[in-house]
Amino acid sequence: MDVLSSQANLAGHRAVIESVEEFGKAIPMMMTAAGTITPAKVLIIGAGVAGLQAIATAKRLGAKVVNLDVSTSSSSKGETLIDTVANLNAMKPDAITIRHRDCGLPQSLIDYVDCPIINAGDGMNAHPTQALLDLFTIVKHFNGQQDGKKIAITGDIKTSRVASSNLQLLPRFGLIPILVAPEHFMPKCSFKKVTFLKDVIDDIDIIMSLRTQLERHTQTYYNSLEEFGKDYCITSDIIGDRDLLIMHPGPVNRNIDISDDVLLDKRSKVLEQVTNGVAVRMAILKKLILPLIIIQEPRGSIFLI
């Protein structure tokens, strides 16, 4: 099961968002009350902030954590990923969370496991958990009155799995995306498109900046990130004193995606997104795993790949 696929229903998304608040309040403390997923164990396969968030999420829910480095796993010795997942499934996990460079991988493994699969990012395809935490940040900021708000998504939209998932999810909750990017960074879709942020700055309520991922392109469009940043960096000169919500999924290329002073501005919610990410992922695990533990004997593990 992919918690946010094109087939996922709106009710499921709402259930996750509505249950986030209880976890947000519990973030400063360890989860010890009813609602934890103890005694599950979590196998983390991943790195960076996303990997750390997965660890923090599982620990706050009372699960034990095992960190697996894919580069030293059996897959590096010739074992196929399907065989790896089949072996992990044989250990009776409660859920498997997959983060991988291959597009569509989580969906392709559904028939090989007996538990829910959570897509934590697959190539340029999708990043459902990030989209859910972005949505929660927006809903919280506008006190649930986000319907009709316009969000400018700017940067390397074409290769962004974050943008891909947000363009599926946000309109379901009444938000109106406007895409801001040069033509070579623009995806094929029906949303409104403009080349520069200044063209829509007075019409929007939210700016979501994206990291420029030159490594995902087969053609060279800029000699350096700084060259791109000259036209697309979110600066104080651009936003002025407008009442805007500034977002970024991270990691931020400072002074290329967003300037130093804007990152320090109270309108920037970049670090709040990180905090919300832990609560959102806790809510997702609770929704998918807790019913299994209540109904039957726990399988004993959550594998995060």
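The values are calculated or read from the model by the stated rules, or taken from the named source; none is laboratory data. Please read these numbers as outputs of a predicted model, since none were measured by experiment. Don't worry about glycine lacking a Cβ; one is built from the backbone with ideal geometry, like all the others, and counts go over all protein chains shown. Keep in mind that these areas ignore ligands, DNA and RNA; they rest on the heavy atoms of the full protein, side chains included. Shrake-Rupley method; radii C 1.70, N 1.55, O 1.52, S 1.80 Å.
Determine whether Leu292 is crowded, with 16+ Cβ neighbours inside 10 Å, over 14 Å from Thr129 (Cβ atoms) and modelled with pLDDT under 95. Against the criterion (crowded, with 16+ Cβ neighbours inside 10 Å, over 14 Å from Thr129 (Cβ atoms) and modelled with pLDDT under 95), Leu292 qualifies. Take Lys188 and tell me if it is open to solvent by 30 Å² or more (accessible area, probe 1.4 Å) and part of a loop (DSSP other than H, G, I, E, B). Spelling it out, Lys188 is indeed open to solvent by 30 Å² or more (accessible area, probe 1.4 Å) and part of a loop (DSSP other than H, G, I, E, B). Within region 106-121, the set of residues being buried (at least 21 other Cβ atoms within 10 Å of the Cβ) and in a helix (DSSP H, G or I) comprises just one member, Pro106. Check region 60-68 and report whether any residue there is open to solvent by 10 Å² or more (accessible area, probe 1.4 Å), at pLDDT 80 or above and out of contact with any helix residue (DSSP H, G or I) (no Cβ under 6 Å at 6 or more places or on another chain). Checked against the condition, which is being open to solvent by 10 Å² or more (accessible area, probe 1.4 Å), at pLDDT 80 or above and out of contact with any helix residue (DSSP H, G or I) (no Cβ under 6 Å at 6 or more places or on another chain), region 60-68 yields no hits at all.
Ile176 fulfils the conditions (1) open to solvent by 50 Å² or more (accessible area, probe 1.4 Å); (2) of a type in the set (Val, Ile, Thr); (3) in contact with a Phe, Trp or Tyr (Cβ under 9 Å, 6 or more places away or on another chain); (4) more than 30 Å from Ala15 (Cβ to Cβ) except for a single criterion, (4). If only residues of region 223-247 that are open to solvent by less than 50 Å² (accessible area, probe 1.4 Å) and in a loop (DSSP other than H, G, I, E, B) are counted, the one that is nearest to Gln213 (Cα to Cα) is Ser224.
Does region 74-90 contain at least one residue that is of a type in the set (Gly, Ala, Ser), open to solvent by less than 70 Å² (accessible area, probe 1.4 Å) and within 17 Å of the chain's Cα centre (by Cα)? No, because not a single residue in region 74-90 is of a type in the set (Gly, Ala, Ser), open to solvent by less than 70 Å² (accessible area, probe 1.4 Å) and within 17 Å of the chain's Cα centre (by Cα). For Asp203, the criteria (1) at pLDDT 95 or above; (2) in contact with a Leu (Cβ under 9 Å, 6 or more places away or on another chain); (3) outside any strand (DSSP E or B) hold in every case but one, which is (2).
Among residues of region 254-273 that are within 22 Å of Leu135 (Cβ to Cβ) and of a type in the set (Lys, Arg), those with a Cβ under 7 angstrom from a residue that is open to solvent by less than 20 Å² (accessible area, probe 1.4 Å) and not in a loop (DSSP other than H, G, I, E, B), sequence gap 6+ or separate chain, pair up as Arg267/Leu245; Arg267/Ile246; Lys269/Thr137; Lys269/Leu245; Lys269/Ile246; Lys269/Met247. Once region 255-289 is narrowed to residues that are in a helix (DSSP H, G or I) and among the β-branched types (Val, Ile, Thr), the residue that is modelled with the lowest pLDDT is Ile289. Taking only region 134-159 into account, find how many residues are part of a loop (DSSP other than H, G, I, E, B) and open to solvent by less than 10 Å² (accessible area, probe 1.4 Å). Result for region 134-159: 4.
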